[in-house]
Amino acid sequence: MIKNVVFDMGNVILRWDPQYIAEKLSNNEKEKEIIINELFASKQWALLDEGKISLEETVASFSSKHRELLKYALYHWHDYFEPFTEIIPLIKRLKTNNYRIYLLSNCSKQFDEYSYKVEAFKYFDGFYISAKHQLMKPDVKIYQDFLNDFYLQAEESIFIDDVMANVDGAKQAGMAGYCYNGNVCKLEKYLIDEIKLDF
């Protein structure tokens, strides 16, 4: 019986779209390209998610030519990390019906700077951030560590992510899994019809 519903963050709870965020950070086409390629698609970005580099070290690694632009983007990108309001009613219903709600996400420690502003997170019982544990999806170890961290049983948990490889990683750890495509009604139907949640 499933008791724990575990959500990914990007493109499940909040919209993760580097192109959109870059457009919010700058009106200049060249600057947008620099933000996408030298920040969001950079090795440093991955290292931030892994918890292996600090913000200060990241800034120091930027080329001097674009450092101020990239520094600004690094410290302000999450101002445009927009929540999906349509998933909130589902989360509230799950919570009201005594399911435990968790977040398991590949993201940096900057999570603490914006998470308190996200309405959906008010209903969550716990947050597991990759940078704080230096583990990354889809490595099976991150799911095992997450379960251990919150004293959860894999067979009592379902993981919802927009990336199939991450869902497969959760299944390797013994959890149920669902690849989310933005359709909340379809997700709700799956939870009721296939997983047999009662809410």
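Worth a mention:
- Scanning the range 129-142 for residues that are within 14 Å of the chain's Cα centre (by Cα) and in a helix (DSSP H, G or I) gives SER130, ALA131, LYS132, ILE142.
- In the set (1) touching a Phe, Trp or Tyr at 6+ places or on another chain (Cβ under 7 Å); (2) touching a residue at least 24 places away in the same chain (Cβ under 8 Å), the condition left unmet by GLY177 is number (2).
- Which listed residue is in the same structural domain as CYS179 (by TED's automatic domain parsing), in contact (Cβ under 8 Å) with a residue 40 or more places away in the chain and not aromatic (Phe, Trp, Tyr), from ASP149, ASP145, ASP161: ASP161
- Summed over the range 100-113, residues that are surrounded by fewer than 18 Cβ atoms within 10 Å (Cβ to Cβ) and assigned to a helix (DSSP H, G or I) total 2.
- Boolean, TYR123 is surrounded by fewer than 19 Cβ atoms within 10 Å (Cβ to Cβ) and aromatic (Phe, Trp, Tyr): yes
- Residue in the range 168-179 that is closer than 28 Å to LEU25 by Cα and either under 14 Å from the mean Cα position of the chain (by Cα) or modelled with pLDDT under 95 (or both) present: no
- Options ALA22, ALA41, ALA60, ALA73: the member that is out of contact with any helix residue (DSSP H, G or I) (no Cβ under 8 Å at 6 or more places or on another chain), modelled with pLDDT of 95 or more and not assigned by TED's automatic domain parsing to the domain that holds TYR151: ALA60
- Residue among ILE53, ILE87 that is farther than 24 Å from VAL167 by Cα and at pLDDT 95 or above: ILE53
- If you check PHE121, PHE127 for being touching a Ser or Thr at 6+ places or on another chain (Cβ under 8 Å), in contact (Cβ under 8 Å) with a residue 40 or more places away in the chain and closer than 16 Å to PHE7 by Cβ, only one passes: PHE121.
- Positions within the range 24-40 being loosely packed, with under 12 Cβ neighbours inside 10 Å and over 14 Å from TYR72 (Cβ atoms), in sequence order: GLU29, LYS30
- Residue check for ASP168: in the same structural domain as ARG93 (by TED's automatic domain parsing) and under 15 Å from LEU103 (Cβ atoms): no
- Taken together, the residues in the range 49-99 that are outside any helix (DSSP H, G or I), buried (at least 18 other Cβ atoms within 10 Å of the Cβ) and in contact (Cβ under 8 Å) with a residue 40 or more places away in the chain amount to 3.
- Of the residues making up the range 146-196, just one is assigned to a helix (DSSP H, G or I), in contact with a Lys or Arg (Cβ under 6 Å, 6 or more places away or on another chain) and surrounded by fewer than 22 Cβ atoms within 10 Å (Cβ to Cβ), namely GLU156.
The values are calculated or read from the model by the stated rules, or taken from the named source; none is laboratory data. Because the structure is predicted, anything quoted here is derived from the model rather than measured. Cβ sites come from the backbone with ideal geometry, for glycine too, and all protein chains shown count toward neighbours.
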